[in-house]
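Chemist: Next up is a structure, given as C-alpha cells.
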Amino acid sequence: MGRNRSAVLGTGQTKYVAKRTDVTMAGMIREAIDRALVDAQVTMDEIDAIVIGKAPDLFEGSMMPELAMAEAIGAVGKQMIRVHTAGSVGGSTAIVGSSMVSSGVHRRVLAVSWEKQSESNAMWALSIAVPFTMPVGAGAGGFFAPHVRAYINNSGAPGHIGAMVAAKDRRNGAKNPLAHLHQPDITVDKVMASQMLWDPIRYDETCPSSDGACAVVIGDEAAADAAIADGRSVAWVHATAMRTEPLSYSHRNVVSPQAGRDAAAALWRDAGITNPLEEIDAAEIYVPFSWFEPMWLENLGFMPENEGWKLTEAGETEIGGKLPVNASGGVLSSNPIGASGMIRCAEAAIQVMGKAGDHQVEGARKAFGHAYGGGSQYFSMWVVGADKP
C-alpha cells in the first residue's frame, strides 16, 4: 500500500446504456470526471495526476484515444498514466491511483476508466487468434463456458445456482438508477427459460454491452481528514492487491486461478482480515457470467473449495444476507468493459461512505472491490473502510 494512508474522496459515474450516441468518448468521460470532482468537492486544479484505464483499443477502434482527449479530460500540464490489464483494468486503474497517493508522490489523484462499446464490436475484438493458442472464435462466453462446466462438475452445484445469481443481481440493478439493465420483475424461472448461448451459460446469465465511464478522486490522509472535518464521508483504502499469471500453462487451474488466490491472500493479510466472510460487510465482485459468483467466492477465500454455491443458494449473497454481493447490480447489470472493474471499486467505496441510496447495505463499514480480466489471469482488488486503518 505504501507508507501513507489514502482515501477515496469522491466518485462519479455516468448512466450506463447500450449506446451513447449523444456524446463523444471525451464528453462521456468528462461526465464521470465532473461528477467525481463535485462529489469530492475539489477542482481540477487541485488534481496532481490522472490515471486512465480502458480495455483494448480494438474494442472501440480508436488507438490511444487518451492522447487526443488529454485536454478534454484535464490532463494538460499534469502527469498522465495509462493502465492496461485487460478486463480488470478499471480495478487496476483505481489501485494505481491509490498507490500514487500512498507512495507520497501526489496528494490528490483522479482515476478514470471507460468503454464506448457501441463504437466497435468487442466480440470480434476478443476473437482474434492468439499466437500458439487454439482459437475459440466465440468471444468471452465461449471461452469461459468450459470453466463454468468444470466448476459445476467439481462442486456438484445444482443447475439453478447461476439463475439465482442473475436474478439477484438484476433485481439489485433495478435499485441502482445508473445501472444499464433494470429488470425488477426477473425471476429464477425466467432466467432458466432464457436461451442457452454457451452451455451451461444462458442469455439472462450474461452481462450486457454498455457505454459508460467511472471516476474516483483519491486523496492523502490530510485531504481525507479535511473532508471528514468538513462533515463529509470518505472511504479509507485499507489494502490493495494485484496479481497475474500466464493465459495457458500445464495443469493451470482455470476454475480457481492461482493469481486470484494469491492476490486475495495478500489483500486479507495487508488489511488485517482473518475471516473475510465475517469481516467484510459488502462485496462488489466481478461477475460477468452468473456462475462466477460461487467460483470467485471460493477463489477469494470467502468460502471453502466447492462450497461457494451453498452461500448463494442460502440467499446469503442477497442484500441483507451475511455477505451482500453486487448490491449495485454488478457486471450483470452494467458492463462498460474498461470501467467495469473501477465500478466495483467505486461501489465498494460508495457503500462505506453511505451514499448508495436504494442499494445501500445497512451498516456497511468495510467493503471489498474486485476485478478480473483476460482468461481469468489478471486480478486487482481492494478493501476500503469507513474507519481510518
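The values are calculated or read from the model by the stated rules, or taken from the named source; none is laboratory data. For clarity, every value in this text was computed on a predicted model and none was experimentally measured. Neighbour counts run over all protein chains shown; Cβ positions are idealised from the backbone, glycine included. Accessible surface areas use protein heavy atoms only, side chains included; no ligands, DNA or RNA. Shrake-Rupley method; radii C 1.70, N 1.55, O 1.52, S 1.80 Å.
Conditions (1) outside any loop (DSSP other than H, G, I, E, B); (2) out of contact with any Lys or Arg (no Cβ under 7 Å at 6 or more places or on another chain); (3) of a type in the set (V, I, T), marked per residue:
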| residue | (1), (2), (3) |
| --- | --- |
| D22 | no, yes, no |
| R35 | yes, yes, no |
| E66 | yes, no, no |
| A72 | no, no, no |
| S92 | yes, yes, no |
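Chemist: Just need a number here: residues in segment 366-383 that are surrounded by fewer than 24 Cβ atoms within 10 Å (Cβ to Cβ) and either polar (S, T, N, Q) or touching a helix residue (DSSP H, G or I) at 6+ places or on another chain (Cβ under 6 Å) (or both).
Modeler: The qualifying residues number 1.
Chemist: Continuing with the same structure: What residue, of M44, M63, is modelled with pLDDT of 95 or more, surrounded by fewer than 15 Cβ atoms within 10 Å (Cβ to Cβ) and more than 20 Å from the chain's Cα centre (by Cα)?
Modeler: Selected residue: M44, the only one of M44, M63 that is modelled with pLDDT of 95 or more, surrounded by fewer than 15 Cβ atoms within 10 Å (Cβ to Cβ) and more than 20 Å from the chain's Cα centre (by Cα).
Chemist: Mind telling me which of the residues E298, E362 ends up being assigned to a loop (DSSP other than H, G, I, E, B) and more than 28 Å from D57 (Cα to Cα)? Spell out the reasoning first.
Modeler: Details: E298 fails: assigned to a loop (DSSP other than H, G, I, E, B).
The conditions single out E362.
Chemist: Within segment 230-284, track down each residue that is aliphatic (A, V, I, L, M), outside any loop (DSSP other than H, G, I, E, B) and farther than 20 Å from H147 by Cβ.
Modeler: A235, V237, A239, A241, M242, A265, A266, L267, A271, L277, A282, A283
Chemist: Restrict the check to segment 314-325 and report whether at least one residue is within 20 Å of the chain's Cα centre (by Cα) and open to solvent by 10 Å² or more (accessible area, probe 1.4 Å). Steps first, answer last, please.
Modeler: Within segment 314-325, the subset within 20 Å of the chain's Cα centre (by Cα) is 317-319, 323-325.
In the following step, the residues that additionally are open to solvent by 10 Å² or more (accessible area, probe 1.4 Å) were identified as 318-319.
Among the residues of segment 314-325, at least one is within 20 Å of the chain's Cα centre (by Cα) and open to solvent by 10 Å² or more (accessible area, probe 1.4 Å), which makes the answer yes.
Chemist: Same structure again: So, in segment 301-311, how many residues would count as being part of a loop (DSSP other than H, G, I, E, B) and either crowded, with 21+ Cβ neighbours inside 10 Å or at positive phi (or both)?
Modeler: Looking only at segment 301-311, we keep the residues that are part of a loop (DSSP other than H, G, I, E, B), and these are 301-307.
Keeping just the survivors that are either crowded, with 21+ Cβ neighbours inside 10 Å or at positive phi (or both) gives 301-303, 306.
Looking only at that region, the number is 4.
Chemist: Still on this structure, please answer the following. Any residue in segment 48-55 that is free of Cβ contacts under 8 Å to residues at least 60 places away in the same chain, open to solvent by 30 Å² or more (accessible area, probe 1.4 Å) and in contact with a helix residue (DSSP H, G or I) (Cβ under 9 Å, 6 or more places away or on another chain)?
Modeler: Within segment 48-55 (the criterion being free of Cβ contacts under 8 Å to residues at least 60 places away in the same chain, open to solvent by 30 Å² or more (accessible area, probe 1.4 Å) and in contact with a helix residue (DSSP H, G or I) (Cβ under 9 Å, 6 or more places away or on another chain)), the answer is no, since none of the residues qualifies.
Chemist: Checking the conditions here, which among G330, G341 is part of a loop (DSSP other than H, G, I, E, B) and of a type outside the set (D, E)? So that I can check it myself, show each step before the final result.
Modeler: On the way: G341 fails: part of a loop (DSSP other than H, G, I, E, B).
The match here is G330.
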